[in-house]
Structure formats: C-alpha cells, structure tokens
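Working notes, beginning with the structure itself.
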Amino acid sequence: MLVEHRGEILLIRRAIEPWFGEWDIPGGFVDAGEHPEDGARRELLEETGLDLPVVSLLGMWMDTYDNGDEMYPQSLLNMFYLAQIPDEHDRPAPTVDPAEASDFGWFSPDNLPSPIGFPNHQPAVIAAWSAKRSNGQEFAPLPARSD
C-alpha cells in the first residue's frame, strides 16, 4: 500500500528475495479468500506496524513474479491502494519487520532512493501517484464494499 504524508511516500528496504536490498512499496500476497483491500492493510501492518485505512485504489499493474517456486503464478495483477496520513498529524515511525525489511524512509517524488525493486511496475505506480499529486487531482474514494 502506498502511504502518503505531506507529499512524501513510505518505502521499505527489502530484506528478502526477490530484489533483496532494494526499496519497495509495502505489500504482498493476499491470503486465500481475502479481499485485496484487507490484504493490503494486513501486509502494511505486518511489514511496518502501521494500521491505516485505505482511501483510494491507486491502480492495477501487471507483472511477473519468478522466484523459482512453482507455487506462485508467473503473471500477477498488482493492486495498489493509497493510505494518507493527514498533514496535521505527526509522521509515524514504522516498526519494520526484520524478516521482511531492513530499513524505511519517507521520500518525495523528486528524491526517490535507488534502486527500487520490482522495476516492471513500481516506478509506474509511484509515477501515477506523483502525476496526480502534481496536477492537483483528487484520488477517487473507494466504492462501498458488498462483502
């Protein structure tokens, strides 16, 4: 989930393969039967200790995930949600899970760290968020869920 505060986004440095040591948007796989929104919130909580509400679906991007394990599909549809910490609130300090991440940082679109993992989609996710922000566009609220 892309977490935004005062024009910056939260990234974590991966402590696992693939893309070990590279910067990443917090996230992961949904559990069987889990709603993607719930999975995004769970993964954010597991990786950063932050329990934040989802405010918008940022978008969906296709990618492949080849870790040599046949259990995972080769083609993935990655859904990215947005969580926003109100500007008037202090920036939280995430508690990263050392099994998943070795560091975290808050970055503006013009000061992103390098390298960013999952290069087939994560730069596009960040660019989509940045373009909306720089054009003054609002993020569409989530529709009511029927589950």
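The values are calculated or read from the model by the stated rules, or taken from the named source; none is laboratory data. Keep in mind that what you see is a predicted model, and the values were worked out from it rather than measured. Cβ: placed from backbone, ideal geometry, glycine included. Neighbour counts: every protein chain shown.
Looking only at residues of the range 110-119 that are closer than 23 Å to SER134 by Cα and either at pLDDT below 95 or of a type in the set (Phe, Trp, Tyr) (or both), we find that the one that is surrounded by the fewest Cβ atoms within 10 Å (Cβ to Cβ) is ASP110.
Identify, please: which residue in the range 65-79 is assigned to a strand (DSSP E or B) and out of contact with any Phe, Trp or Tyr (no Cβ under 7 Å at 6 or more places or on another chain) and is, among those, modelled with the highest pLDDT? Result: MET79. The one condition from (1) surrounded by 13 or more Cβ atoms within 10 Å (Cβ to Cβ); (2) in contact (Cβ under 8 Å) with a residue 24 or more places away in the chain; (3) in a strand (DSSP E or B) that MET62 does not meet is (1). Considering only residues in the range 1-22 that are farther than 25 Å from PRO86 by Cα and of a type in the set (Gly, Ala, Ser), the one that is surrounded by the most Cβ atoms within 10 Å (Cβ to Cβ) turns out to be ALA15.
Within the range 23-59, the set of residues being surrounded by 18 or more Cβ atoms within 10 Å (Cβ to Cβ) and in a loop (DSSP other than H, G, I, E, B) comprises ILE25, PRO26, GLY27, LEU50, LEU52, VAL54. Among the residues of the range 85-104, those identified as more than 21 Å from ARG41 (Cβ to Cβ) and touching a strand residue (DSSP E or B) at 6+ places or on another chain (Cβ under 7 Å) are SER102, ASP103. The set of residues in the range 82-99 that are assigned to a loop (DSSP other than H, G, I, E, B) and crowded, with 18+ Cβ neighbours inside 10 Å comprises PRO94, VAL96. Scanning the range 100-135 for residues that are closer than 23 Å to ASP90 by Cα and assigned to a loop (DSSP other than H, G, I, E, B) turns up SER108, PRO109, ASP110, ASN111, LEU112, PRO113. Residue count for the range 132-147 under the criterion of being under 19 Å from the mean Cα position of the chain (by Cα) and of a type outside the set (A, V, I, L, M): the result is 5. Within the range 123-140, can you find the residues that are farther than 12 Å from LEU58 by Cβ and touching a strand residue (DSSP E or B) at 6+ places or on another chain (Cβ under 9 Å)? Those that are farther than 12 Å from LEU58 by Cβ and touching a strand residue (DSSP E or B) at 6+ places or on another chain (Cβ under 9 Å): PRO123, GLU138.
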